[in-house]
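The values are calculated or read from the model by the stated rules, or taken from the named source; none is laboratory data. The model shown is predicted, which means the values in this text are computed figures rather than measured ones. Here Cβ is always computed from backbone atoms with ideal geometry, including for glycine, and neighbour counts include all displayed protein chains.
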Amino acid sequence: MNILIILGEIIFLIVIFSLFDWLIGIIFKQVNKVSWLQGKTAIISFLHRNISRLLINLPVKNAA
């Protein structure tokens, strides 16, 4: 029974972080469309990649 609870919590965390990453992706795409930020697209993409990596690695570090 405990294994099912742990598995459910892990799946819940994966879903939450995936939704959060999807939402951040949408936000960064909208920010890239703003005219005065279009020159800084590389920096914004770099920040998006770093935030995505952080979200992917965060549950792994907390589980250990």
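Taking the condition modelled with pLDDT under 85 and on the phi < 0 side of the Ramachandran plot, does residue 23 pass?
For residue 23, the condition - modelled with pLDDT under 85 and on the phi < 0 side of the Ramachandran plot - is not met.
Looking only at segment 48-64, which residues are loosely packed, with under 14 Cβ neighbours inside 10 Å and at pLDDT 70 or above?
Across segment 48-64, the qualifying residues are 49, 50, 53, 54, 56, 57.
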